1. Add +1 for every Lys or Arg and -1 for every Asp or Glu among the other residues with Cβ under 13 Å from the Cβ of PRO122, and state the total.
2. Kindly provide the helix-only [θ] at 222 nm of the chain, computed as the sum of -39,500 (n - 2.57) over DSSP H runs of four or more divided by all residues, to the nearest 500 deg cm²/dmol?
3. Of HIS228, ILE196, PRO238, whose Cα points farthest to the positive end of the dipole of the stretch 189-240 (charges on the beta-carbon: +1 Lys, Arg; -1 Asp, Glu; origin at the Cα centre)?
4. What is the Rg over Rh value, at two decimals, for the stretch 168-240, using alpha-carbon atoms and the Kirkwood definition of Rh?
5. May I ask what percent, to the nearest 5, of DSSP beta bridges between residues of the stretch 50-234 are antiparallel?
6. Whole-Hz Karplus ³J(HN,Hα) for the stretch 182-194, in order, using 6.51 cos²θ - 1.76 cosθ + 1.60 and θ = phi - 60°, x for Gly and Pro?
7. In bins 10 Å wide, starting from 0, what share of all Cα pairs of the chain does each bin hold, as a percent?
8. First measure r as the distance between the Cβ atoms of ALA189 and LYS143, then evaluate 1/(1 + (r/R0)^6) with R0 = 22 Å and state the FRET efficiency to the nearest 0.05.
Amino acid sequence: SDHQLVYPPQPDQMDWSTLYPDYIAKDSQEIRAEGGSSDSEAAIPKRLTQDVEVADIGCGFGGLLVALAPVMPQTLVLGLEIRVSVTQFVEDRIKVLRHQNAETGGYRNVSVLRANTMKFLPNFFRKSQLSKIFICFPDPHFKARKHKQRIVSTTLNSEYAYVLKPGGIAYTITDVPDLHEWMVQHFEAHPAFERISEEEQDADPCVEIMRTATEEGKKVERNKGQKHVALFRRLEDPDW
Ligand code: SAM
């Protein structure tokens, strides 16, 4: 349950250094080394040379992360997953890949974190920090009384809008037509988002990755199911 989840009170207190050890800012390390080990200094998290910019909400077994890593090697990508064992699996998967690719330094730009994204997203990310959010094959919660558990809603879309920078993109894909419509309806109704044209959508290389590299995407492929894709652009804030 949530009380076992670890999350920072605010983004600048998040310690990313264990997730992306190759990106720790040099001066950040020196401050710690010289400063000794008093409690107040130990509490300052090490800074990274750059911020996480891409988030995979409910990343499952990490297929998307692993496929994105070499496609955007200069970008820090983070998977967020609520299930403990699944998060551990992805952690191990990334560890093995980093080890196997030690010479090229591959996969050091992707990591995974256990989190309930329905509750703590703004604890991890600053306003306008992210350029892409992926929501791939989210749990459908078919029954009407379960709809409030869906990962796309008016309230949650406001959180996605908060952490996405203007021009950033929310990517969605599902095999459930009703959920697809639900996601389109909720994003289109939100003043901070506009739907991206099919033309632009099909030209985006991330769409093909999302269709084919996710574990759920593969499952749907095997079962010859349909995949419904919709992308939404985070608009500029109006000047009111
Ligand atoms: N995105 C992956 C894929 O396409 O293969 C996994 C899809 S799976 C159907 C949905 C995932 O979302 C599950 O692994 C589930 O544990 C995770 N999930 C559900 N609610 C979540 C939440 N509130 N925060 C983080 N992850 C969540």
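Every read-out reported here was derived from the displayed coordinates using simple, explicitly stated rules and does not represent laboratory data. Computed from a predicted structure; not experimentally measured. FYI the Cβ positions are ideal-geometry reconstructions off the backbone, even for glycines, and counts take in every protein chain you see.
1. Numbers: positive: LYS119, ARG126, LYS127; negative: ASP12, GLU159.
That sum, taken over residues with Cβ under 13 Å, equals +1.
2. Theoretical 222 nm ellipticity from helices: -11000 deg cm²/dmol.
3. So the residue furthest toward the plus end is HIS228.
4. Values: Rg = 13.5 Å, Rh = 13.1 Å.
For the stretch 168-240, the value is 1.03.
5. Antiparallel bridges: around 30 percent, rounded to the nearest 5.
6. 4, 5, 4, 4, 6, 6, 5, 6, 7, x, 8, 10, 10
7. P(r) for the chain, in whole percents per bin: 7, 30, 36, 19, 6, 1.
8. Once the sixth-power term is evaluated, E becomes 0.50.
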